[in-house]
Every structure is written in C-alpha cells, then in structure tokens.
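Peer 1: Starting off with a structure, shown below.
Computed from the coordinates by the stated procedures, all read-outs in this text should not be read as laboratory data. From a predicted model like this one, the values you see are computed outputs, not experimental measurements. As a convention, Cβ positions derive from the backbone with ideal geometry for all residues, glycine included, and neighbour counts pool all protein chains shown.
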Amino acid sequence: MTVQTVVTGLAWMGIGIRSVKSALKDILRNAEHEVLLCAYSVTGGADSILEELEDCLKRGIKFKAIINRFNKQPPEIQKYLLNLVKIYPYCEVYDFNDLVEELHSKLIVVDRSVALIGSANLSMRGMKQNYELGIILRDQEVGTISKCFDSLLRLPTVVPVTIKID
C-alpha cells in the first residue's frame, strides 16, 4: 500500500509535506478515465481545483460529483457546475439532500486507483488557511472506496442536479 500525507496550514507547510492543493492538482492532471468527488462545501476559493476538474472534462474524462446540499452552495458555484453539466454529457453532479443526514466526506478518486481523502473542503480556508490533514492512497483499497461512492449514488436522497431552462 502506498500512502502519502498531505496538509494545509502555515505551521505544517514547508516541512517537507506536500500541500493538499498541489496534490489534488497533480492527481487530476494525471487522470485518464474518471474522477469521482464527494464534497461537503465548495466555494470560489477552490477555483484552481475547479479549473483542473474542467480541464479533465475537456480531455474527455468522466466526472461524477456528489455535493452536500447543492442548493446551499454559493450561487456562483452552482452556476459553474450546472454549466459543466450542460456542456459535457459525461459530467454528472448530484445533490445529497437528506433531511437528517449530511454528506461530510471529502474525497476525490481518480481512475479508481488513486484517492485523496481528508478533512479539507474545496474552499480557500480548506486549501490554504485551516489546518487540514489528508492522505493519498494508491492501493486495492481505493476500489473499496470507489464502491462506497457508488453506493451513495443509489440513495434516494442523492439526485442529479437539473439545468433550469430559461
């Protein structure tokens, strides 16, 4: 099993541990087939990560995201992601909208062979300011993590976001 630690937070940066943001970018740049994403919160502070995700789509890579309470995310993020769904037929964004439970997972899986799991939200604070810790896995266990993602998609409270026609 290959495990790599990644961090954010000023005291943790610069001590030979890679940042969450740079690791995410590299993982996405190396994607060949599919990207899976679970997110609790997505804000404009993660623009560079969203741009990397869009670059994946431009390269023909399938993208599936499950986002907690999509309609509670910032309007500009909703609009951006809905536009990706509109442009790319292999881009799927789902809303986790349970009345009681929250999707608090922060996860990116690439090609069902590499996963980054951690505490960082896709936000300015999560990518730079907070003290966040994560791991990158390259192992058979990533297949199990991918199955967990797939099982979320089968929940009745996980529904595709829809594009509003004006």
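Peer 1: Between helix 141-153 and the chain, what is the angle of the helix's C-alpha long axis to the longest principal axis, kept within 0 to 90° and rounded to the nearest 10?
Peer 2: 20 degrees
Peer 1: Given the chain, what percent of its DSSP beta bridges are antiparallel, to the nearest 5?
Peer 2: 60 percent
Peer 1: Determine, from the Cβ-Cβ distance of SER48 and THR162 and an R0 of 25 Å, the FRET efficiency 1/(1 + (r/R0)^6), rounded to the nearest 0.05.
Peer 2: 0.35
Peer 1: While we're looking at this one, here's another question. May I ask you to sort PHE149, PHE70 by Cβ crowding, counting other Cβ atoms within 10 Å and putting the fewest first?
Peer 2: PHE149, PHE70
Peer 1: Placing unit charges on C-beta atoms (Lys and Arg positive, Asp and Glu negative, everything else neutral), compute the dipole magnitude of the chain about its Cα centre in debye, rounded to 20.
Peer 2: On the way: 20 positive and 20 negative charges, 32 e Å.
Dipole of the chain, to the nearest 20 debye: 160 debye.
Peer 1: Using only Cα atoms, find the angle between the long axis of helix 20-29 and the longest principal axis of the chain, and express it within 0 to 90 degrees, rounded to the nearest 10.
Peer 2: 60 degrees
Peer 1: Along the Cα→Cβ direction, 7 angstrom out, place labels at ARG59 and GLU101. What is the inter-label distance in nm?
Peer 2: Result: 3.3 nm between the two label points.
Peer 1: So if I take the alpha carbon set of segment 1-144, get Rg, then get Rh from the Kirkwood formula, what is the Rg over Rh ratio?
Peer 2: Result: Rg/Rh = 0.95.
Peer 1: Here's another thing I want to ask about it. If all Cα-Cα distances of segment 64-166 are sorted into 10 Å bins from 0 onward, what percent lands in each bin, rounded to whole numbers?
Peer 2: Result, from short to long distances: 14, 40, 39, 7, 0 percent.
Peer 1: For segment 40-129, what is the number of Lys pairs with C-alpha distance below 16 angstrom, counting only pairs 8 or more positions apart or on separate chains?
Peer 2: Within segment 40-129, the lysine pair count is 5.
Peer 1: Can you sort SER113, SER19 so the residue with the fewest Cβ neighbours within 10 Å comes first? Walk me through the intermediate numbers first.
Peer 2: Working: SER113 16, SER19 20.
Exposure proxy ranking, most exposed first: SER113, SER19.
Peer 1: Return TYR80, TYR90 ranked ascending by Cβ neighbour count within 10 Å, so the fewest neighbours appear first.
Peer 2: Listing TYR80, TYR90 from fewest to most nearby Cβ atoms yields TYR90, TYR80.
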